[in-house]
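Inspection log for the structure reproduced underneath, given as structure tokens.
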Amino acid sequence: MSAFRLNLRDGVGTNLSDKSISFSFDGKSYRGIEGDTLASALLANGLSIIGRSFKYHRPRGVFTAGSEEPNALVTLHSGGRTEPNIRATEVELFEGLVARSQNRRPSVNFDLMAVNQLAGKAFSAGFYYKTFMGPALRGHKATRFWWVCEQFIRRAAGLGRGTTIPDPDHYARMNAFCDILVVGSGAAGLAAARRVAASGVRVIVCEESARAGGALASSPDFIDGEPAREWSADQIAELSAMDNVSILTRTTVQGYFDDNTFFAIERVTDHLAHKDRTVPRQRAWNIRAKSAVIATGALERPMVFAGNDRPGIMLADSARRYAVEFGTAPGRAVAVFTNNDTGWLAARDLAKAGVIVTAIVDVRTDIEASIRVLGEECRATIHSGSAIRSVKGMRGVNGIVIATYNELTGELGADSKTIACDCVAVSGGWSPAFHLTSQQGGKPVWDTELQAFLPGDPLQKWHGAGAMAGEFGLAQAFRSGEEAALKALADTGVAMPKQAAKIGSGPDIDGDEIDYAPAPVFEINSGGKSFVDLQHDVTAEDVRLAHREGFVSVEHLKRYTTLGMATDQGKTSNVTGLAIMAAASNKPIADTGTTRFRPPYTPVAMGAIAGEKYGHLAAERLTPMHDIHVESGAGMYANGPWMRPETYNLPGETVEQAYIRETKAVRAGVGIVDVSTLGKIDVQGPDAAEFLNRVYTNGFAKLPVGKARYGLMLREDGFLFDDGTTWRFDEHRYLMTTTTAGAGRVMEHLEYYRDFVWPDLKVALASVSDEWAGVAVAGPKSRELLKVCVKKCDVSDKGLPFMGLVDGVIADIPVKIARLSFSGELAFEVYCGAHWGSALWHALMSAGRKLDVVPYGLEALSTLRIEKGHVAGPELNGRTTPHDLGLSGMVSSKKNFVGSVLLQRETFSKQDRLQLVAVKSLDGQRIRGGSHLVAGSKDEPGISQGHTTSTCFSPELGCYISLALLEGGYKRHGEKLFATNPVRDAHVAIEVLSHHMVDPEGGRMRG
Amino acid sequence: MRLTCPYCGPRDHQEFTYRGDATAARPALDNTSVDDHNAYVYDRSNPDGLHRELWNHTSGCRTHMIVERNTVTHDVVSCEPVGPFAEQLK
Amino acid sequence: MRYSAFAILKNALRGNRDWVPAWRKPEPRSTYDVIIVGGGGHGLSTAFYLASVHGITNVAVIEKGYLGSGNVGRNTTIVRSNYRLTPNSGFYEKSMELWRELSHALNYNVMFSPRGVLNLAHTPGQMDTHAERGNQMRLMGVQSELLDRDQVARLNPGLDVSGSARFPVHGGLLQPDAGNARHDAVAWGYARAADQLGVDILENTEVVGFLKDGERIAGVEVMRNGEPMEIRAAKTAVAVAGNTGRVMKMAGVDKLPIETTVLQAFVSESIKPIIPTVTTFGAGHLYVSQSDKGGLVFGGNIDYYNSYAQRGNLPVWEEVTGELIAMFPAFARLRLLRCWGGVMDMSMDGSPIIATGPLPGMYLNAGWCYGGFKATPASGWCFAHTIANDKAHRLNEAFTLERFKDGNPIDELGAGPTPWYH
């Protein structure tokens, strides 16, 4: 093929300006014109081989002029902006654009991988399933055989090459609401948009291409006396000026989700030479529409014939558009091959633009005189009742061989005639683009008259218009657009005056009147290699082989041959493939059915879907004292969404040295720790006590005002759910604290009981986790510290006994102080309004200066509670009950509560359950996290009898310890086992202990 | 999918937390039958069709509603308030 | 016809005209020894092992649509046995054992590719949890390695392992001999092999009711080509995944510890190899691998609500792609090609049910949540054993229907009886 640039004039190159643009392809510099797509510019430069096919690496040229392109895939840009598999037909040319061909070695014109073609017949559908199983001597070896082969196959497969350099661009999301969404701005979409806009409702119009107008842009027809293109431009300008209308161009509606939620991608800067990096590259639109008009047009499909994949063979309407819109002749001599009238229109328009059309080959014998005239207008030889037998030329088209064709039998005659041409423009009819409605599960219906699937009945509030709904032709498009508009308006509940609800006669149309229904011919079977799916190299023979092997259902056909699974999702190949399968099965196409389309309509950059969730923008929660921790040199650590200090390392200290120092300081003196991350729930109301009594395992009804109590919560199935302390501020007011990780789920749990189970209880809940800052002050000198700074309350043992609660003031900050201990030492938790958090921290630090107070982090917090035997997240793993964790005493037998009934199930009292113990290292070796408890040696450890849950070095015991869950553990104190950790290469001799390692009587914290 | 919160109006479903089958009713507090509790916790009719289910408007007013929804088509038939204030809305 | 490289060449020379259907399309007999309802991966593998291991060949597999139309052809193809709890690790390792030999056992290349499954860890605490699981695997004879950050980076060059990442990578747990397989091939391979042993695979045949002899299930009532018919059998097994509730209701079992939800799966455009292993994100829920064709195949959480629609909604798209890009920031420019949905039988503890009952004459295989693909061989193997012997095998004896009410869930996540959280 040798495509070339035509003489641009009125009606030729309507999309082009007069500005020349330079771009590069495969390292070579070329010139195009502003308004070109990369495909039209490459064609205009005479390039015919743009890509290589997936399987056989056959040379391929431009096949279409739109987003349905299967062949002309290129890689754009470089570095972190590398984009593989971009359709050249969709890329708007800009100055300096860099594109490369792909899936070829070494070059697109000479690809060594094309040797795959030699094995053509062997490389048929299902090839991989039947071989590479390897020698059948020993199964294990055989697996490796495939593994080895797979390495090579993987490298040969794949299309373009991605990058591992991060994408430097950013993306955004827009949430939009409208009354009516119009998808597509061709004749039908425009008619609908005009009609609904006039009623004043909010309208969004989405158009995939750069300019609104759809097929009107290249239509030869006149509307109201104006060329269609100009008429549509006026209409669009009028619409754009309306306040209630937004027209989004370069915006593809990709997905149709429940309740009329549409997902669209707007390409904001992709087409610009000088990109403003402060605006997003692409914007994802979530559009909620009360109703929608879907006017997405139709996609032309080819007929399949031998040699139909040669560069130079393209869809007829695309060939026409290249001439009219892009001023590019697809070849020096074009032969049109068609089974319908639109092929003739394409021929006529090509000729009008100055392209030589040598022949029109139509499989139909009877052709209307009005159509025949079109062929005569372009001085082409006309071959009706004929079809292409073969294509001459290896890397392009030199000519076609045609023969007489019997439409009824589908057989070719013995005659043959060669027609010289370098381009074949083929039309096999039109397939309505109902992808969006099919995503919703709408079942398409085969229309025998139109030889096309139509969208079928709506499952949501949408109305089809134009070619998408099988309403081909301009007049029909306008009428169906208006009809759809009225139905959509009715969905939105807008009252329409009677006059306005009438369908007008529409604009005056002066144009061709043709029959859009093709002859039911999909394939010319002359025995040569005929491609159905061009990108995946699925041939008509592959389809028949699938049939022979029993893969006859459309889904099996798709999966077995990979038909329609390439990056074009079979937009130009699905219907043809189904038709060939139907013919092979001797069934009507209607019975064969079609596969369901899946979102997105065209491939979508994942960055655009992620939108603002792109990269690392996931929410991060910081406590009010966060900056202080960072300034104090604490290593911060992600704990769920929270950032928490791990240890406050002194210079040169390791994490382990730091937490040991912090722990010792607490046990010997005093330390403070940020506990603001604990979940906090305000529980109020006359029935608050009763409510708490029902959700906790232990009694809460009699908790006195001014006291706190530790409580356990179960799930209904009897397993532990969460724990924490709850403080009674007042007769009807409590503050519940939860674990940090459990805050959200505890809140939901409580809300469930309040709303759904016991709505009769008068209780209100509010999450106040973020409203309070909390600091725990722990250690034998903690009271001393508080005495230095606390005013307006008594923190002596009498004034503030264990589990007591008082209001006070520290450095003018109103605080609530509860005497609670997680560490096992004398300790207090001090809470204040979140905005005072850092002031409180500073006040406590300065009050403690003389006492050598230390701030301590999560590691020391954890060490202190492990030594004490207090359980936390690792023990509350969703598989333990209070009985398993030595907390049976916390389970009231005097009341019913959430989980009380199922906790009584027999299995929970079994003696061999995993039970909480502590273990200590006997040989000084560190017990690493994740160890299992076994009886055997390192080499033969035996089965797991349990596992460690929380490990640390215990300064108190002077050795490594861990809490652990051990089968029947309560009765095994003193037993010697091993903590084995093969993935960390450790095997430590341990002794089982009671988990109450420090101060089991609790004298310290009560002191 | 869009749900209509009785308090806040129509919202995308991601504002809500799904809480499951609303026909699974907890036995009364004084009911200590293990069988009844087991049935409440584990037995689900899991219909293909209309399903009464609980949703909590967790990113909004944080109250529950009972949604009647078709599990095959995702059509939402109704959203009714539950909880201490439900009566006031009816 | 035996498949081999030789058969391919021979047939190619004859223009591929002599290939025969991979499995027959038989007319149903009136009686079988065993009926398996559900022509998905598990039903077909059950049929294969009934015939090949237990010599029970008078078996019908009854499928409502086309064979393999459910989750066996909709999943993200991951095959692994990196479980924490003993019943699971034993069972899934049996599956691994069968996977390794599967292509040979079936004379069908299921493209089992032991490329490694890597679970990332993002905190020291998560490294410990991974170690706990890795050690359990080792003690159960399953391969596992705990990798540090540098080892992870070497394995997956595109991963963001920088300290500045929102969820910095600390390391990961690798099961080196896990990987993936070609999902459709598993269904077709089992179907073809079972068919060759005499099993009747009845496609487009919908079970509309169960036959009863008193209390005992005695077969099924089906619709085939628009005609009702009865097919009798001494044993009727049900393996219908997301449709378990729907099918069991016909037998009079109105309630089960299962809820059906939809899981979406995603595939990107095809590119040259870029990630070698199956990789999972540890600070959310995302799993990704690259298919032999070159597409990144990935998925995350289910759409939480009950659903029988094979399609989901947008929030999961945003969540899943956000996590993918957090892991691999370079993938922001790669393009999503296709998303689809499958309906999942979420059990109350995230683990399956393979058991006799719940009615006499009946056998149930269900509750696979979204992990059923990797289990396909062991599920069929154990289910066949259970059907043949009227008793569970040691490997599936914990997977009972009664375990929930007995208080013995097999709850890997510890999420409790809330199916949509598993």
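Residues whose amide H lies under 5 Å from that of C:ARG182, counting only those 5 or more places away or on a different chain, are C:MET111, C:PHE112; hydrogens are built 1.01 Å from N in the peptide plane.
Relative to the dominant Cα principal axis of chain A, helix A:187-198 is inclined by about 60°. Set the Cα radius of gyration of the protein assembly as shown against 2.2 N^0.38 Å, with N its number of residues, and you get 0.98. In the protein assembly as shown, a dipole from Cβ-located charges (positive for Lys and Arg, negative for Asp and Glu) runs towards its positive end, and of B:MET1, A:PRO84, A:GLY186 it is A:PRO84 whose Cα lies farthest in that direction.
Ranking B:SER45, B:ASN31, B:GLY60 by Cα position along the charge dipole of the stretch B:2-89, where only Lys, Arg, Asp and Glu carry charges on their C-beta atoms, puts B:GLY60 farthest toward the positive end. Every Cα-Cα pair in the stretch C:122-209 was counted, and those over 14 Å apart are 75% of them. For the protein assembly as shown, the share of DSSP beta bridges that are antiparallel, to the nearest 5, is 75%. Above 15 angstrom, tally the Cα pairs of the stretch A:611-676 and express them as a % of all pairs, no decimals. Beyond 15 Å sits 59 percent of the P(r) for the stretch A:611-676. Dipole magnitude for the protein assembly as shown: about 3180 debye, using +1 per Lys or Arg Cβ and -1 per Asp or Glu Cβ, origin at the Cα centre. Here's the picture: charge each Lys and Arg Cβ at +1 and each Asp and Glu Cβ at -1 in the stretch C:167-223, and of C:TRP188, C:VAL208, C:GLY198 the one pushed furthest to the positive end of that dipole is C:TRP188.
Of interest is the spacing of the C-alpha centroids, which for the stretch C:40-114 and the stretch B:1-49 amounts to 35 Å. DSSP beta bridges fully contained in chain C are about 75 percent antiparallel. Only helical runs count toward this figure. For chain C, summing -39,500 (n - 2.57) over DSSP H runs of n ≥ 4 and dividing by all residues gives -9000 deg cm²/dmol at 222 nm. When shorter helices are ignored and each DSSP H run of at least 4 residues is given -39500 (n - 2.57), the per-residue value for chain A at 222 nm works out to -6000 deg cm²/dmol.
Helix-only arithmetic for chain B: the sum of -39500 (n - 2.57) across DSSP H runs with n ≥ 4, divided by the residue total, places the mean residue ellipticity at 222 nm at -3500 deg cm²/dmol. Once you sort the root eigenvalues of the Cα gyration tensor of the stretch A:607-732 as a ≥ b ≥ c, which label holds: rounded (a/c under 1.5), prolate (a/b larger than b/c) or oblate (the other case)? The shape class here is oblate. Its convex hull of Cα atoms gives the stretch C:1-126 a direction-averaged projected area, equal to a quarter of the hull surface, of 11.6 nm². For chain C, the dipole from Cβ point charges (+1 on Lys and Arg, -1 on Asp and Glu) about the Cα centre works out to 1040 debye, to the nearest 20. If I fit a long axis through the Cα atoms of helix A:228-240 and take the longest principal axis of the Cα atoms of chain A, what angle between them do I get, 0 to 90°, rounded to 10? The helix A:228-240 is inclined about 30 degrees to chain A. Placing unit charges on the Cβ atoms only, positive for Lys and Arg and negative for Asp and Glu, gives the stretch B:2-89 a dipole magnitude near 320 debye about its Cα centre. Using only the Cα atoms, work out Rg/Rh for the stretch C:262-382, with Rh taken as the Kirkwood radius, to two decimals. Result: Rg/Rh = 1.04.
Under 5 Å between amide hydrogens, built in the peptide plane, is the criterion, and for C:PHE210 it picks out C:GLU221 among residues at least 5 positions away or on other chains.
Under a no-solvent Debye model with one identical scatterer per Cα of chain C, what's log10 I(q)/I(0) at q = 0.07, 0.08, 0.13 Å⁻¹? For chain C, the Cα-only Debye profile gives -0.33, -0.43, -1.13.
Given the convex hull over the Cα atoms of the stretch A:279-430, what projected area results after averaging over all orientations, in nm²? About 12.9 nm², averaged over all directions. For A:ALA519, the shell of other residues with beta-carbons less than 11 Å away shows a net charge of -4, using +1 for Lys and Arg and -1 for Asp and Glu. In the stretch B:2-89, the inverse of the mean reciprocal separation of distinct Cα atoms equals 14.0 Å; this is its Kirkwood hydrodynamic radius.
All of the numbers you see were taken from the coordinates with simple rules; none came from a lab. None of these values were measured; they are calculated from a predicted model. Backbone-built Cβ (ideal geometry, glycine too); neighbour counts: all protein chains shown.
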